[in-house]
C-alpha cells in the first residue's frame, strides 16, 4: 500500500470509529501477510486517543455502576458500553462516544439523576418535551481540565416510540449477561437482545438522517458470528413476535454487504416471510411523516396515543420555556412553534402554485431535495 493510500485508510478508520479495531486486527499474528512496522506504528498512534478515551469511560462507568448499586438501582449497559466487554477482544477496540444505561422506569431514572448529580453529573437538557416523545435523559460531566463525558439514562430500550415498547425491562433483565471484566455486578444485554437493539438503533439513526457507521455494522457481524442455532431460532421467534423481522433483515443485509454473509438461509427466509406482513416498511424511515405515523401506531393504547399527540403538539411548559426563553409567555411560545411547523406547508403551496416551472427544474425532480423538504420540520 502506498503511503498516501495508507493515510487515507487511517482517516477513513477515524471517521468510521474503528481505528482501534483496525490496529487490533492487523496486529494479529495469524495474518498471512504481516503489515510493515511503519504501518503498525502509524495505526498505533491513530488508536491512542481512542484507547485513552476508552480508559476514561471505563473509569467513569465503574464509579457510576457502584453508586447506583449502592442505592439499590438495577441497571443494564447498552450498545458499545456493554459489547466492548464481552464481544470484542479488548474494550478499546469498540469505540464509544458515551455511556448508555437502561433502568426499569422513568422514576428510577429520576432517582439516578439525583444520585449522580452529587458527583458532578448534570442534565444536558433543561427539560424534555414529555415522557413519550423521548425515552432517555442525557447527563453531562463537564469539569474544567477534564474531557467532557455524556451519560445517557434510558427507561426504554429505544428512545423513539417506534421501537420503545417492543421489549420490556423484565425480559431484558432475565436475558442479561454478566460483565465481570468491567465490574462486579455489571450486566449487559444478552446476545439476542443485543442484536435486536443494534438493528433498531441503526433504523432510529436512519430516521434521524444519520447514515450507517461501520462500527455498528461490525457489532451485528460480530454478534452473528457467535450465534448458535438456538440463538438464531430465538432471534427469529422474538423478531417475528414483536414486529422486528424487517429491522433484523435490513441490518443483516447491510452488515453482509460490508463484511460478508453470516445469517443462515433458513433464518433469512423466515424473517423475510414475517417482514412481508409487518406494518412498518423500514425503507421509508427517512420520511418524517412516516416516522410519526409509525410512532403513533406503535404506542400501546389509545390513551397513550392521545397523550403522545398532546406532547408533540403542546409540550410541557418547562420544555417550551427552555426552548423559547424563560421570559416568553406560553401562548407566544406555542404560536412560534406553530409558525415554524407551518413553514414546510407554505413551501409546498408555493411549489404547487409554480408547478410548471418547478417540475421543469432539475432541483425539483431531485429526490434528495424532495426528501429534505419532507424531513425539514423543526418540531423535535
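The values are calculated or read from the model by the stated rules, or taken from the named source; none is laboratory data. Please read these numbers as outputs of a predicted model, since none were measured by experiment. Cβ sites come from the backbone with ideal geometry, for glycine too, and all protein chains shown count toward neighbours.
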Practice problem: Please go through the stretch 172-191 and pick out each residue that is more than 20 Å from the chain's Cα centre (by Cα) and free of Cβ contacts under 8 Å to residues at least 24 places away in the same chain. | Solution: 174, 175, 178, 180, 184
Practice problem: Scan the stretch 57-69 and report the pairs whose first residue is farther than 19 Å from residue 79 by Cα and whose second residue is surrounded by fewer than 20 Cβ atoms within 10 Å (Cβ to Cβ), with Cβ atoms within less than 6 Å and a gap of 6+ or a chain change. | Solution: 67/115; 69/185
Quiz prompt | Criterion: part of a helix (DSSP H, G or I), modelled with pLDDT under 90 and touching a helix residue (DSSP H, G or I) at 6+ places or on another chain (Cβ under 9 Å) - qualifying residue of 58, 38 | solution = 38
Quiz item: Which one of these is touching a helix residue (DSSP H, G or I) at 6+ places or on another chain (Cβ under 7 Å) and either surrounded by fewer than 18 Cβ atoms within 10 Å (Cβ to Cβ) or in contact (Cβ under 8 Å) with a residue 24 or more places away in the chain (or both): 225, 202?
Solution: 202
Quiz item: Where in the stretch 74-169 are the helices (runs of 4 or more DSSP H), entirely inside, with at least 2 residues that are in contact (Cβ under 8 Å) with a residue 60 or more places away in the chain?
Solution: 80-83, 161-164
Quiz item: When residues of the stretch 59-90 are filtered for being out of contact with any strand residue (DSSP E or B) (no Cβ under 6 Å at 6 or more places or on another chain) and crowded, with 23+ Cβ neighbours inside 10 Å, how many remain?
Solution: 5
Practice problem: Go through (1) at pLDDT 65 or above; (2) more than 30 Å from residue 236 (Cα to Cα); (3) surrounded by fewer than 12 Cβ atoms within 10 Å (Cβ to Cβ) one by one and return the number of the condition residue 301 breaks. | Solution: (2)
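Being in a loop (DSSP other than H, G, I, E, B) and in contact with a helix residue (DSSP H, G or I) (Cβ under 7 Å, 6 or more places away or on another chain) is the filter here, so list the residues in the stretch 2-35 that pass it. Full working, then the answer.
If we filter the stretch 2-35 for residues that are in a loop (DSSP other than H, G, I, E, B), which is where we start, we get 2, 17-18, 27-35.
Listed by number, the residues that qualify are 17, 18, 27, 35.
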Self-check item: Only one of 309, 271, 285 that is at pLDDT below 90 and not assigned by TED's automatic domain parsing to the domain that holds residue 127
Solution: 309
Quiz item: In the stretch 116-127, how many are touching a helix residue (DSSP H, G or I) at 6+ places or on another chain (Cβ under 6 Å) and surrounded by 15 or more Cβ atoms within 10 Å (Cβ to Cβ)?
Solution: 1
Quiz item: Quick one: would you say residue 237 is under 27 Å from residue 161 (Cα atoms) and surrounded by fewer than 21 Cβ atoms within 10 Å (Cβ to Cβ)?
Solution: yes
